[in-house]
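Student: Below you'll find the structure I mean.
The values are calculated or read from the model by the stated rules, or taken from the named source; none is laboratory data. Just so we're clear, the structure is a prediction, and the values are computed from it rather than from any experiment. No Cβ is skipped: glycine too gets one built from the backbone with ideal geometry, and neighbour counts run over all protein chains shown.
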Amino acid sequence: MTDAPPTLDTPWPVALLANKIRGYIDRLGTAWVEGEITQWGASGGNVYGKLKDLTEDATVSFTVWSSVRAKLTSDFKQGDRVIALVKPNFWVKGGTLTMQVFEMRHVGLGDMLERLERLRTQLAAEGLFDASRKKPLPFLPHCIGLVTGKDSDAEKDVIRNAQLRWPAVSFHLAYAAVQGDRMVGEVTAAIQRLDADPEVDVIIVARGGGDFQNLLGFSDERLVRAAAACITPLVSAIGHEADRPLLDEVADLRASTPTDAAKRVVPDVSDELNRVQQARARLSNRLTGILAHEVDRIGQLRSRPVLSTPDWLIESRSEDLTRFVARGTELVARAVERAGTTIVDLRSRLRTLSPQGTLDRGYAIVQLPAGQIVRAPEQAPAGTKLLITLAEGNLAATADPAPPAPLPST
């Protein structure tokens, strides 16, 4: 009856279900697993803790009985990366699943470094470390977003040094665990929250250093990708020169310490005042030089004759005008004289060729009453009225039929 499938009418007792679960889990046997110890608490010689996956958000509880703990060759604590031989164990009375540890060893540093380098190579190939994608920090941030542990030395160092350099700077604080199993999720969420804040000009992720294992969370792929996707400029200040978490590589600026981050993000007000004074002095000297140069130019212009004796131009042009007028008068007179001589000559020639000149020499012009000139006797028969034009007047006459007397012989 107890092995029959459960139905609405014949349900299994809870104990039956719990025992079946335990039986199934017992058949799984042992397995080697790797993870990070996020909780380690001793009680009555036994250890109760939690083991978290190195990349995924997965956690299991484990138990180390006192007999097994006595055989462990190393001391373990929260934050250690370990490899453990475990066997699933379902506690029927409490309804909980835990991993019973039979053996536990520290993960070799070389193994962790190898995984870290593989991830570093992958992210570098994607271009997340390229200098071209790094954003410049604002010259004078009005509001700084600070991701750090609550009441930590890193928080105090950043705020104190920033406000000493520029008292007007303000902060939006986003507290997060900076080590342990909650660290990656909380720091990632804090970065995303500050990045969405329109008042935040720059984000600083600060932690007061630590050993290599404590800083491994800042090389977590999820956290690194969240930092790379950040629109607001981000400064990493989580370690010292000897440590290079991947967050340092993807950040827009790496600071060796929280104090260094404050000094590099916020300008020193005294230095800026000195620069302002120097700029004002350079500007004053430059303006003084320009004004002196222009005063000299004005003096040179005023010393020129056209400005020192303004009538000089008029006088010089007046002399030119007088000379030009005289020259013009002379040329006109010569032209008139030449024209008069030409007119006299033309008049003389005209008179020589004109009919009046012929008349003055004793000739006459005989015309018929109609005005035709008589050139032959047959044009004027006897009795024809004639008009004779002389040099000094006209005569009326009548044609005579008698032939003209012969000219005297010589």
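Student: Could you identify the single residue in ALA42, ALA58, ALA70, ALA84 that is touching a Leu at 6+ places or on another chain (Cβ under 8 Å) and of a type in the set (A, V, I, L, M, F, W, C)?
Tutor: Working: ALA42 fails: touching a Leu at 6+ places or on another chain (Cβ under 8 Å); ALA58 fails: touching a Leu at 6+ places or on another chain (Cβ under 8 Å); ALA70 fails: touching a Leu at 6+ places or on another chain (Cβ under 8 Å).
Sole residue among the options that is touching a Leu at 6+ places or on another chain (Cβ under 8 Å) and of a type in the set (A, V, I, L, M, F, W, C): ALA84.
Student: In the range 296-363, which helices (runs of 4 or more DSSP H) lie fully inside it and hold 3 or more residues that are surrounded by 10 or more Cβ atoms within 10 Å (Cβ to Cβ) and out of contact with any Leu (no Cβ under 8 Å at 6 or more places or on another chain)?
Tutor: On the way: elements: 305-308, 311-353, 355-360.
In the range 296-363, the matching helices (runs of 4 or more DSSP H) lie at 311-353, 355-360.
Student: Here's another thing I want to ask about it. Has the range 132-144 got any residue that is out of contact with any helix residue (DSSP H, G or I) (no Cβ under 7 Å at 6 or more places or on another chain), over 19 Å from LEU234 (Cα atoms), surrounded by fewer than 16 Cβ atoms within 10 Å (Cβ to Cβ) and aromatic (Phe, Trp, Tyr)? Talk me through it step by step, then tell me what you get.
Tutor: If we filter the range 132-144 for residues that are out of contact with any helix residue (DSSP H, G or I) (no Cβ under 7 Å at 6 or more places or on another chain), which is where we start, we get 132-136, 138-140, 142-143.
After this cut, where a residue has to be over 19 Å from LEU234 (Cα atoms) as well, the list is none.
Looking through the range 132-144, none of the residues is out of contact with any helix residue (DSSP H, G or I) (no Cβ under 7 Å at 6 or more places or on another chain), over 19 Å from LEU234 (Cα atoms), surrounded by fewer than 16 Cβ atoms within 10 Å (Cβ to Cβ) and aromatic (Phe, Trp, Tyr).
Student: While we're looking at this one, here's another question. Taking strands (runs of 3 or more DSSP E) that fall entirely within the range 1-87, which contain at least 2 residues that are modelled with pLDDT under 90 and within 24 Å of GLU103 (Cβ to Cβ)?
Tutor: Values: elements: 31-43, 46-52, 59-64.
By residue number, 31-43.
Student: A follow-up question, please. Residue check: is ARG165 touching a Gly at 6+ places or on another chain (Cβ under 7 Å), more than 30 Å from VAL82 (Cβ to Cβ) and modelled with pLDDT under 95? Working first, answer last.
Tutor: Numbers: touching a Gly at 6+ places or on another chain (Cβ under 7 Å): no; more than 30 Å from VAL82 (Cβ to Cβ): yes; modelled with pLDDT under 95: yes.
Considered against the rule, which asks whether it is touching a Gly at 6+ places or on another chain (Cβ under 7 Å), more than 30 Å from VAL82 (Cβ to Cβ) and modelled with pLDDT under 95, ARG165 comes out as no.
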